[in-house]
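Below: the structure, in structure tokens.
The values are calculated or read from the model by the stated rules, or taken from the named source; none is laboratory data. Every value quoted in this text rests on a predicted model; they were computed, and no experiment measured them. Cβ atoms come from the backbone with ideal geometry, glycine included; neighbour counts cover every protein chain shown. Surface accessibility is based on the protein's heavy atoms, side chains included, excluding ligands, DNA and RNA. Shrake-Rupley method; radii C 1.70, N 1.55, O 1.52, S 1.80 Å.
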Amino acid sequence: MLAHLPVLQVVLPLMAAPLCWFLNRSKLVWIFALIVSAATCVNSILLLMEVMKSGTIIYELGGWEAPWGIEYRIDKLNAFLLLIISTIGTVVLFAANTSIQKELDEDRHTLFYSLYLLSLTGMFGIVATGDAFNVFVFLEISSLSAYALIALGRDRRALWAAYQYLIMGTIGATFILIGIGMLYQMTGTLNMSDLATRLVDVGHTRTVFAAFAFLIVGICLKLALFPLHLWLPNAYAYAPSIVTAFLAATATKVAVYLLIRFTFTVFGISFSFTTLPLQSILMVLGLVGVFAASITAIYQQNVKHILAYSSIAQVGYMIIGYSINTSTGVMASLLHLFNHALMKGALFLALGAVMYRIGSVQLSQFQGLGRQMPLTMSAIVIGGLSLIGVPLTVGFVSKWYLLIASVEAGMWPVAVLILLGSLLAIVYIWRIVETAYFKPPLPGREAVKEAPWTFLGPIWALVIANIYFGIDTRLSVQVAQAASQSLFGINP
Amino acid sequence: MNLSLTLMLQLTILLPLVATLAIAVTGNKPNLREAVTISISLVVLYCVVNLYQALNAGATIAVSWWTLMPGLEISFVIEPLGMLFALIASFLWLITTIYAIGYMRGHNEQNQTRFYICFALAISAVMALAFSANLFTLFIFYEVLTLSTYPLVTHAGTDKAKQGGRVYLGILLSTSIAFFLLAIILTWFVGGSLDFTPGGVFDANVDTTVAGAILVLFIFGIGKAAIMPFHRWLPAAMVAPTPVSALLHAVAVVKAGVFTVLKVCIFIFGLDLLPQLPTTEFLLYLAAFSVLMASIVAMKQDNLKARLAYSTVSQLGYITIGALLATSSGVIGSSMHIASHAFGKITLFFCAGAILVAAHKSKVSELRGLGFTMPITMAAFFIASLSIIGVPPAGGTWSKWFLLMGTVETGYWVIMVTLMLSSLLNIAYLLPIPYHAFFPGKGYQKASGGIKEAPLSSLIAITITTLGCLTMFIYPQPFYELAKAILTVSGVSHGQ
Amino acid sequence: MFLGLYNYWIVVLLMMIGFYIVIAHGNLIKKLVGLTIFQTSVFIFYISVGMVERGSAPILAEGISDYSNPLPHVLILTAIVVGIATTALGLALAIRIKEAYGCVEEDEIQRQDQLNEDKS
């Protein structure tokens, strides 16, 4: 049983997705989906423990030995990612039943859960697999289900947003496909570790350069790295709240993982960072992204838009950490990946609760909510503080390591810019806080009640995690450090 | 014995937190709620006094809580400077609570429970800040203090309060994140440690340009010290209820700022390194400019609280100057000024609040003849003014004397003249208030109705702090000894 | 040299045509057509890569030593399935958009959204 953990992680939700159709009642499907995702969560914890204890797990699918068969290769990096995705996926799902009662038509509930599980499958697959082509397949599974999930939104703009995402996402995925094809052409293998060894001989050819470029651009599209972020704000803003919370906390993270995996494991550090000017390009894009997105966030009227632009800015931070290209830098990036999932999960879920009660997330509608929904609003405040990077929250931990990494690498200006970027976060978060707490409730609106516990439970679980992992950093720092050190080939 | 001392150290930080819970639970019974606040503040004061005695007896009291990140601990240790700050803060918390009971009820303020909760939270942060063993711990509680006082500043909930809160939070958070945090990271990187170390954490042969740049970042980053141009938050925060202004903006928050400056100067840079840095002189002149400008601006304010706020900006400059002078008289002067200014300014704010509650007046120009209806308040105002100006028989005399000594020793004549000039300005903007109150001049119609003073509990508080101002002149030894002990601890080798 | 690699030229040509349609056309259906051409070019790329000159189908039989590489062909079968799914989803979305907005032109949709936003 234990030996099959890597494949179970993917197969479990994949099998469960069609099974949803056999249970008609919305509530039953919810419980079923919840059990399945909780099982994947337990599974990922077991995997992480196993990996931390005895190193990389290699699983040969169908017993076919790599490079003929597909292998799943779980090391510290993707075990960490699996844990993040499965945990967030489960926590968010807790609130799903309540939320979609309001936001979706009755006949779409089953569809929702089944798509949710499929999307989860795709993400697990991308992260778990050690085969480059498999990455593409799972990427499309998760993307296609994500497009459909977004299109479930009641607002007709959701359709348009989903369509745009579909076009951009497919272009990105096709770029990745081209890149993988070229790599195969040059090396004759699709297995990642095999690719890594064979690429050394052909690393100087133009085909490999082209493959690299296609892959990076494709991944950056999925990553919503500025200036390839245009699909993201509307997709997040008009999707059903649960979908937003889920995607915001996981989808871009998976893309960051892919970037790290391809540049570090497949192409190797010396190819990615010395032969090509990847570092300076991504560093600049990351920094510009932080500022451009944060400033845009300040001027938004829809709170989901504010947080969506903030997500683009946070992706910028991850890319900055990554492109510092030191063990500490990548570690900071991984930490932020984990921490950002916690913050955005909490924030978008809280927005879901607001949506549930007042049916809108326009900033102007937030007036007076500070008093009427105290628990939800204080969750937003704490999540926001975490986003700013106030001490004792997770945001501070990742900012701290990011700063340390940039100073360590002698990039002082980068450190200054990172700090200035967080000042912008104060502005957009405080716009929400002031509206909620200082403006009287809208005239003519009935008194709003606090969100139901099915919302408050997961929201506060994430908020408490925000504080807990801001104080007890052992788990996150230790794992992130181990993962980044293994990428750099440093033995701890 | 030692165990109970470390326990007491933790209690000073944790008890105010317990108080927040207790206040929240007893929220709908005001009498019980206030009894809880007062009794807990008494216990905290008791602990602090005990710790003080133990410190005098030579005990080392330290406790480490938690390793947040490798190499970064939340830990506390008691040293004389922190002790001084903790003593003042815990004592004045008690007094302010007594005062607040009269004020908040007399003024019919809303949300009193929230007020007391945030108040206790702020005190907890102040205690933790005072006893911080390293810069990292200090930074954490510095931020907690900022955030926990934000609801106090915006207590009224009006547009004006929101505006004030925006400036308050904006400046304090921005400076601390953009400069203070950067300075801390650079310190860690260059000096290799964030622990408050006697003699500083930097090597003797550290690059002075880098260290100088870090010093500038620190001074600007510690926005709570209100050095111009980052002083705007202090007048903005005056929209808060008067007890908040009194404790937080005459004692806890602003003193947390200058306390941090002192800590950084003494224990991060060290008094030997400080004068060698290329930027120290620039910062000294900047602080002197801040002192003078704030005094001039204060003269023009008609709103009593705004005038007091600018006066605070100016007085904080004195303390920063003393720290940057890096001589023993400078440090002694600064530390004692923390104490004497705290008592003086809190009395003045108490008086301002009492006038607001009893006479419903907030403008300086309306106070003519008020001495007849509020004699005790105005007499207290007079004595506290003397303390701020720095003339006998009030405590401010000593601290200002030492500060002047410091400028003379180091030969910064311009700064000495500035300080003297500013004291003259203090006279000009403070003394006319009690003067006109008691001697309204011709043409003033005596109001009928006789004496109409502030609520009793407020009067008690005013009397106690006024007596404090006087006592510090007659018996300044405890504070002087503590200030001297700072020098011993920090291993000062030069000076007198 | 150039003629010898004619398959790549076709791939590049198709790719550019497809990409151009996606970017330049405002009609949602035409965009999808462009997207399909774009994807198809990649399929052809894979398929032609697997081709071995004078190679036959990869079936074990007497007298055949050269045969084409089957793996890219298998891979591309998967990719084609994915492509169909994408197109289907895209078309479904286009239908729903038509129902909701009454048109399938990009600028018209954006104009309607803008109008809505100004009103609210």
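Legend: helices of chain C (whole DSSP H runs) are marked when their alpha-carbon atoms reach 18 angstrom or more along the helix axis and their mean Kyte-Doolittle hydropathy is at least 1.6; marked are C:6-24.
Just to be sure I understand the curve: with the Debye formula and one point per C-alpha of segment C:6-67, what is log10 I(q)/I(0) at q = 0.12, 0.14, 0.16 Å⁻¹? Once normalised to I(0) and log-transformed, intensities are -0.43, -0.52, -0.59. Put a plus charge on the Cβ of each Lys and Arg, a minus charge on the Cβ of each Asp and Glu, and nothing anywhere else: the dipole of the protein assembly as shown about its Cα centre is then about 3280 debye. Per residue, segment A:67-161 exposes 23 Å² of solvent-accessible protein surface, assessed with a 1.4 angstrom probe and all protein chains in place. Summing +1 for each Lys or Arg and -1 for each Asp or Glu among the other residues whose beta-carbon sits under 13 angstrom from that of residue B:428 gives +2.
Rounding to the nearest 10 and keeping the result within 0 to 90°, find how far the Cα-based axis of helix B:396-410 lies from the longest principal axis of chain B. Once rounded, one gets 40 degrees. Residues of segment B:102-150 whose accessible area, computed with a 1.4 Å probe over protein heavy atoms, drops by at least 50 Å² once all protein chains are present relative to their chain alone are B:147, B:150. The dipole here belongs to chain B: it is taken about the Cα centre, uses +1 on the Cβ of Lys and Arg and -1 on the Cβ of Asp and Glu, and is about 1780 debye. The chymotrypsin sites (Phe, Trp or Tyr not before Pro) found in segment A:25-119 that occupy coil by DSSP, while having at most 13 further C-beta atoms within 10 Å, are A:64, A:68. Both chains summed, the buried accessible area for C and A stands near 3100 Å², from protein heavy atoms and a 1.4 Å probe.
Annotation: lysines with alpha-carbon distance below 20 angstrom to residue A:53 (same-chain offsets under eight excluded): A:76.
Principal-axis analysis of the Cα atoms of chain A puts helix A:327-358 at an angle of about 30° to the longest axis. Surface burial for A against B, with a 1.4 Å probe and both sides summed, reaches about 2900 Å² of accessible area.
The convex hull around the C-alpha trace of chain B, projected and averaged over every direction, spans 21.8 square nanometres. Using all pairs of distinct alpha-carbon atoms, the Kirkwood hydrodynamic radius of chain C works out to 17.2 angstrom. The Cα atoms of segment A:1-134 give a gyration tensor whose axes a ≥ b ≥ c have a/c of 1.5 or more with a/b greater than b/c, which makes the shape prolate.
In segment C:60-77, the residues that give up 40 Å² or more of accessible area when the other protein chains are added, compared with the chain on its own (1.4 Å probe), are C:75. Simple rule: put +1 on each Lys or Arg Cβ and -1 on each Asp or Glu Cβ in chain B, find the dipole, and look at B:359, B:264, B:289; the Cα lying farthest toward the positive end is B:359. Where a ≥ b ≥ c are the square roots of the eigenvalues of the C-alpha gyration tensor, would you call segment B:329-440 rounded, which needs a/c under 1.5, or, failing that, prolate if a/b is larger than b/c, or oblate? It comes out prolate by the Cα gyration axes.
Principal axis extents of the C-alpha atoms in segment A:185-288 (largest first, rounded to whole Å): 48, 29, 18.
With a cut-off of 14 Å between beta carbons, the residues surrounding residue B:275 carry a summed charge of -3, where Lys and Arg count +1 and Asp and Glu -1. Relative to the longest principal axis of the Cα atoms of chain B, the long axis of helix B:304-325 makes an angle of roughly 20 degrees.
Which of rounded, prolate or oblate describes segment B:197-339 when judged by the alpha-carbon gyration tensor and an a/c cut-off of 1.5? Verdict is prolate for segment B:197-339.
All other residues whose Cβ lies under 12 angstrom from that of residue C:21 are scored, Lys and Arg at +1 and Asp and Glu at -1, for a net of +2.
Got a sec? Which residues of segment A:451-492 lose 40 Å² or more of accessible surface with every protein chain in place, vs. that chain alone, 1.4 Å probe? Buried on complex formation: A:471. When you filter the GluC sites (Glu not before Pro) in segment A:1-88 for DSSP loop state and at most 14 other Cβ atoms inside 10 Å of their Cβ, you are left with A:65. Projecting the Cα atoms of C:15, A:315, A:377 onto the dipole axis of the protein assembly as shown, where Lys and Arg carry +1 and Asp and Glu carry -1 at the beta carbon, places A:377 farthest toward the positive end. On a per residue basis, segment B:5-489 carries 32 Å² of accessible surface, using protein heavy atoms and a 1.4 Å probe. What the Kirkwood sum gives for chain A is a hydrodynamic radius of 22.4 Å, with every pair of different alpha carbons counted. Counting heavy atoms of the protein chains only and a 1.4 Å probe, report the per residue accessible area for chain C as a whole number of Å². Counting only protein heavy atoms, the per-residue value for chain C is 62 Å². Carbon-plus-sulfur fraction of the accessible area of segment B:332-462, 1.4 Å probe, in percent? Carbon plus sulfur share of accessible area: 72 percent.
For the residues of A:159-172, the average number of beta carbons from a partner chain within 10 Å of their own beta carbon is 6. Could you give me D for segment A:69-148, from Stokes-Einstein at 10 °C and 1.306 mPa s, where the hydrodynamic radius is the Kirkwood radius over C-alpha pairs? Units µm² s⁻¹, please. Approximately 116 µm²/s, per Stokes-Einstein. Share of carbon and sulfur in the accessible area of segment A:321-471 stands at 69%, probe radius 1.4 Å. With a simple spin-label model that places each label point 7 Å from the Cα along the Cα-to-Cβ direction, the separation between residue A:427 and residue C:66 comes to 6.7 nm.
I'd like to know which of B:180, B:427, B:146 lies farthest towards the positive end of the charge dipole of segment B:5-489, counting +1 on Cβ of Lys and Arg and -1 on Cβ of Asp and Glu. In segment B:5-489, that residue is B:427. Applying the criteria of a DSSP loop state and at most 10 other Cβ atoms within 10 Å to the GluC sites (Glu not before Pro) of segment A:408-492 yields A:446. For the protein assembly as shown, the calculated P(r), taken from all Cα-Cα distances in 20 Å bins from zero up to the bin holding the longest distance, is 12, 38, 30, 16, 4, 0, 0 percent.
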